[in-house]
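Engineer: Next up is a structure, given as structure tokens.
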Amino acid sequence: MAENSKPIRTRFAPSPTGYVHIGNFRTALFSHLWAKHNGGTSILRIEDTDQSRQVDGAVEHLLRIMKTMGVEFDEGFYLKDDGTLAERGSHGPYLQSQRLELYQKHVGELLASKKAYYCFCSEERLEEVRKEQIALKKPPMYDRHCRALSEEDVQTKLAEFAGQGKNPVVRFAIPEGKTEIHDLIYGDIVYENAVLDDQVILKSDKFPTYHLAVVIDDHYMDITHVIRGEEWIPSTPKHILLFQAFGWEAPAFAHAPLILNPDKSKLSKRQGDVTVEDYLNKGYLPEALVNFVVFLGWNPKTEQEIFSPEELVKAFELSKVNKSGAVFDVNKLDWINGHYLRAMPVGDLVDLLIPYWHRDGYGVFDEQGNVTLTHLNKQLSKQYLIDIVELEKERLKKLSEIGERVPYFFKQPDVASVAELLISKKSSAELTKQGLEMLIEQLATFSPADFELATLETKVKALIEQQGLKNIDVLWPMRVALTGLAASPSPFEVASVLAKHLGPEAVIERLETAVSKLK
Ligand code: GLU
């Protein structure tokens, strides 16, 4: 365990895959928050030892996402203002493929002290061993064949391999005994070393495997706390044994719980979106996502549900991370996102929504937020969008749904296809027709000022009463005529915004179209 007196240093060590899994983002967040909570240093290290899995531009992409999400590391790669990659910090390089000599040197030491050995086994032999073990219902493990080779045999085989221009792999010789993990979240876990595989630590391309590189880097980068997902617990005894083999003190380990779907299965792509990018594209705000993700395992044990970034730094404690699986509940994310959407100035919210309206083809938008409604060939100011969003923002859960929520402000509602919807179950075709016709006649006499929300509502309701009609005979079909939808803001709200920006005639025209569809 790391001593308390050491300056806290944590690392986030992703492989450059080209996307950021929610679980990885949680690891980044927990690591960063724990470092900041303790006035320590957070480090970004890129684990690119699997050269077959390289993705161009993956590091830049990762950094852009992290920046969007408000997580910036103190050491490692960062993006300069011009968007190019740079590195900072005194413990670099922070890219594993640039540290090969260091790993190879340490493998040499382990070989010399017989804590590691060359393995010359062919793929075919390894496959046979695996099959045999599976047939015997044993966990497949390397059978340690090459661990038993004599020094002479090793030299012969090395010469043979060299002659063929090949390198053998190097395996770690797991010692006898037991290995204990003192996990800050899971508590003590004891492993019998006999169940641990003699892992390959150096591959035939002379690249280290994850297990070796992670230990050497955590040591040389002075990492005090390794914070990562639960799926790495089985690797931890191997890491601890490597630390011991080198004579180094191991850092403290904290494994965050699995992230689960609501049905308690492991969060996976098959069931839906699993990357930060997916959720950003859907129009969840970065602040909301951070606030949601931090609760996947962490429980501050207070009533507070919304935390600012500063509050998170202050409140985050590893001792308040649970070990039971954390359920990924999209409803909660929607709730948090709605909270942030409502809290922001409506003009800013409109700016965020415009790309989604644009994406869905709801009009042509310019830099100032003016919109041209293509079906009317009419340009309206940003105030139109502001007034629309004022009507919807209480219900809006994510940016991407804005188009489908208020299509009727951008094109004529398709009343023909919902003609039946015009007649409420509590009214009749006759009363509906009567109600709409009365409305058309009366609205034609209204001044533009009469369409102001409160006045409109008072006047229309008085007319309904005078005519001996019921609200349901008039207000329901009025709302459907204006929106074409089964659910929307009130008819007065919609009519008032339409009249203000498109003129009272736009309202009357929609009502006339609706009447013409009634039998
Ligand atoms: N490179 C590993 C990953 O992709 C890092 C695991 C660890 O944190 O040790 O998640």
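The values are calculated or read from the model by the stated rules, or taken from the named source; none is laboratory data. Because the structure is a prediction, the values reported are computed rather than measured. As a convention, Cβ positions derive from the backbone with ideal geometry for all residues, glycine included, and neighbour counts pool all protein chains shown. Side chains are part of the model used for accessible areas, which takes the heavy atoms of the whole protein and leaves out ligands, DNA and RNA. Shrake-Rupley method; radii C 1.70, N 1.55, O 1.52, S 1.80 Å.
Engineer: Cβ contacts < 6 Å: first residue on the phi > 0 side of the Ramachandran plot and of a type in the set (Asp, Glu), restricted to the stretch 70-93; second residue open to solvent by less than 80 Å² (accessible area, probe 1.4 Å) and not in a loop (DSSP other than H, G, I, E, B), any location; separation 6+ or different chain. Result?
Structural biologist: Correct list of pairs: empty, since none qualify.
Here is a yes/no grid of residues against (1) within 16 Å of the ligand (Cβ to nearest atom); (2) without any contact (Cβ under 8 Å) to a residue 40 or more places away in the chain; (3) more than 24 Å from His239 (Cα to Cα):
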| position | (1), (2), (3) |
| --- | --- |
| Ala13 | yes, no, no |
| Tyr19 | yes, no, yes |
| Leu29 | yes, no, no |
| Ser42 | yes, yes, no |
| Val55 | yes, yes, yes |
| Ala58 | yes, no, yes |
| Lys67 | no, yes, yes |
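Engineer: When you go through (1) assigned to a helix (DSSP H, G or I); (2) closer than 30 Å to Tyr284 by Cα one by one for Lys105, which number turns out not to apply?
Structural biologist: Result: Lys105 passes all but (2).
Engineer: Taking the condition in contact (Cβ under 8 Å) with a residue 60 or more places away in the chain, out of contact with any Gly (no Cβ under 6 Å at 6 or more places or on another chain) and of a type in the set (Asp, Glu), does Glu401 pass?
Structural biologist: yes
Engineer: Across the stretch 399-426, what is the number of residues that are closer than 17 Å to Val515 by Cβ and of a type in the set (Asp, Glu)?
Structural biologist: Selection size over the stretch 399-426: 2.
Engineer: Continuing with this model, one more query. Can you work out which of the residues in the stretch 318-341 that are within 20 Å of Met69 (Cα to Cα) and part of a loop (DSSP other than H, G, I, E, B) is least open to solvent (accessible area, probe 1.4 Å)?
Structural biologist: Step one: list which residues in the stretch 318-341 are within 20 Å of Met69 (Cα to Cα), which gives 328-330, 332-341.
Next, from what is left, pick out any that are part of a loop (DSSP other than H, G, I, E, B): 328-329.
On the way: Phe328: 9, Asp329: 60 Å².
Once the filter is applied, the top-ranked residue is Phe328.
Engineer: Among (1) under 26 Å from the mean Cα position of the chain (by Cα); (2) farther than 19 Å from Trp335 by Cβ; (3) open to solvent by 30 Å² or more (accessible area, probe 1.4 Å), where does Gly403 come up short?
Structural biologist: (3)
Engineer: Can you find a residue that is of a type in the set (A, V, I, L, M, F, W, C) and modelled with pLDDT under 95 anywhere in the stretch 44-57?
Structural biologist: Residues of the stretch 44-57 that are of a type in the set (A, V, I, L, M, F, W, C), as a first pass: 44, 46, 55.
Applying the additional criterion that residues be modelled with pLDDT under 95 yields 55.
Yes, there is a match, as at least one residue in the stretch 44-57 is of a type in the set (A, V, I, L, M, F, W, C) and modelled with pLDDT under 95.
Engineer: Let me ask you something else. I'd like to verify a number: residues in the stretch 146-164 that are assigned to a loop (DSSP other than H, G, I, E, B) and surrounded by 10 or more Cβ atoms within 10 Å (Cβ to Cβ), how many?
Structural biologist: Going through the stretch 146-164 one residue at a time, the tally reaches 1.
Condition check ((1) open to solvent by less than 30 Å² (accessible area, probe 1.4 Å); (2) at pLDDT below 95; (3) within 22 Å of Ile65 (Cα to Cα)) across all residues:
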| site | (1), (2), (3) |
| --- | --- |
| Ala245 | yes, no, no |
| Pro251 | yes, no, no |
| Lys282 | no, yes, yes |
| Asn291 | yes, no, yes |
| Val313 | no, no, yes |
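Engineer: Return the residues of the stretch 27-55 that are part of a loop (DSSP other than H, G, I, E, B) and either over 21 Å from the mean Cα position of the chain (by Cα) or among the small types (Gly, Ala, Ser) (or both); say none if nothing qualifies.
Structural biologist: The answer is Asn38, Gly39, Gly40, Asp48, Thr49, Asp50, Gln54.
Engineer: State whether one or more residues within the stretch 233-242 are of a type in the set (A, V, I, L, M, F, W, C), open to solvent by 10 Å² or more (accessible area, probe 1.4 Å) and more than 16 Å from the ligand (Cβ to nearest atom).
Structural biologist: No, there is no match, as no residue in the stretch 233-242 is of a type in the set (A, V, I, L, M, F, W, C), open to solvent by 10 Å² or more (accessible area, probe 1.4 Å) and more than 16 Å from the ligand (Cβ to nearest atom).
Engineer: Ser97 - would you say it is assigned to a loop (DSSP other than H, G, I, E, B) and either within 13 Å of the ligand (Cβ to nearest atom) or touching a residue at least 12 places away in the same chain (Cβ under 8 Å) (or both)? Lay out the reasoning, then the answer.
Structural biologist: Details: assigned to a loop (DSSP other than H, G, I, E, B): no; either within 13 Å of the ligand (Cβ to nearest atom) or touching a residue at least 12 places away in the same chain (Cβ under 8 Å) (or both): yes.
No.
Engineer: Something else now. Whether any residue in the stretch 165-173 is closer than 30 Å to Ala254 by Cα, without any contact (Cβ under 8 Å) to a residue 60 or more places away in the chain, within 16 Å of the ligand (Cβ to nearest atom) and outside any helix (DSSP H, G or I) is what I want to check.
Structural biologist: Scanning the stretch 165-173 turns up no residue that is closer than 30 Å to Ala254 by Cα, without any contact (Cβ under 8 Å) to a residue 60 or more places away in the chain, within 16 Å of the ligand (Cβ to nearest atom) and outside any helix (DSSP H, G or I).
Engineer: Suppose we keep only residues that are more than 16 Å from Leu399 (Cα to Cα) and in a loop (DSSP other than H, G, I, E, B) within the stretch 351-368. Which one would you say is least open to solvent (accessible area, probe 1.4 Å)? Please lay out each step first, then the result.
Structural biologist: Initial filter on the stretch 351-368 (more than 16 Å from Leu399 (Cα to Cα)): 363-368.
Subset that is in a loop (DSSP other than H, G, I, E, B): 363, 366-368.
Numbers: Gly363: 12, Asp366: 55, Glu367: 179, Gln368: 128 Å².
Within the stretch 351-368, the match that is least open to solvent (accessible area, probe 1.4 Å) is Gly363.
Engineer: Hey, could you check the stretch 243-283 for residues that are among the aliphatic types (A, V, I, L, M) and away from the ligand (no atom under 16 Å from the Cβ) and say which is farthest from the chain's Cα centre (by Cα)?
Structural biologist: Of all residues in the stretch 243-283, those among the aliphatic types (A, V, I, L, M) come to 245, 250, 252, 254, 256, 258-260, 267, 274, 276, 280.
Those still in the list that are away from the ligand (no atom under 16 Å from the Cβ) too: 245, 260, 280.
Details: Ala245: 38, Leu260: 14, Leu280: 7 Å.
Ranking the candidates gives Ala245 first.
Engineer: Do we find that Ala173 is out of contact with any Pro (no Cβ under 7 Å at 6 or more places or on another chain) and open to solvent by less than 30 Å² (accessible area, probe 1.4 Å) in this structure?
Structural biologist: When the stated conditions are applied, Ala173 passes them.
Engineer: Would you confirm whether any residue within the stretch 448-461 is open to solvent by 30 Å² or more (accessible area, probe 1.4 Å), touching an Asp or Glu at 6+ places or on another chain (Cβ under 9 Å) and free of Cβ contacts under 8 Å to residues at least 24 places away in the same chain?
Structural biologist: Yes, the stretch 448-461 has at least one match.
Engineer: Away from the ligand (no atom under 11 Å from the Cβ), part of a loop (DSSP other than H, G, I, E, B) and surrounded by fewer than 19 Cβ atoms within 10 Å (Cβ to Cβ) - does that describe any residue in the stretch 210-221?
Structural biologist: The initial filter retains those residues of the stretch 210-221 that are away from the ligand (no atom under 11 Å from the Cβ), namely 212, 216, 219-221.
In the following step, the residues that additionally are part of a loop (DSSP other than H, G, I, E, B) were identified as 221.
Next cut, surrounded by fewer than 19 Cβ atoms within 10 Å (Cβ to Cβ) only: none.
No - not one qualifying residue is present in the stretch 210-221.
Engineer: Then there is this: I need a count of the residues in the stretch 410-439 that are in a loop (DSSP other than H, G, I, E, B) and in contact (Cβ under 8 Å) with a residue 60 or more places away in the chain.
Structural biologist: Within the stretch 410-439, residues that are in a loop (DSSP other than H, G, I, E, B) and in contact (Cβ under 8 Å) with a residue 60 or more places away in the chain number 4.
Engineer: Taking the stretch 182-206 as the region of interest, how many residues are assigned to a loop (DSSP other than H, G, I, E, B), touching a Phe, Trp or Tyr at 6+ places or on another chain (Cβ under 8 Å) and open to solvent by less than 30 Å² (accessible area, probe 1.4 Å)?
Structural biologist: The qualifying residues number 1.
Engineer: Something else: So Asn24 clears everything in (1) open to solvent by less than 40 Å² (accessible area, probe 1.4 Å); (2) of a type in the set (S, T, N, Q); (3) not in a loop (DSSP other than H, G, I, E, B) except one condition, right? Which one?
Structural biologist: In the conditions (1) open to solvent by less than 40 Å² (accessible area, probe 1.4 Å); (2) of a type in the set (S, T, N, Q); (3) not in a loop (DSSP other than H, G, I, E, B), Asn24 misses (1) alone.
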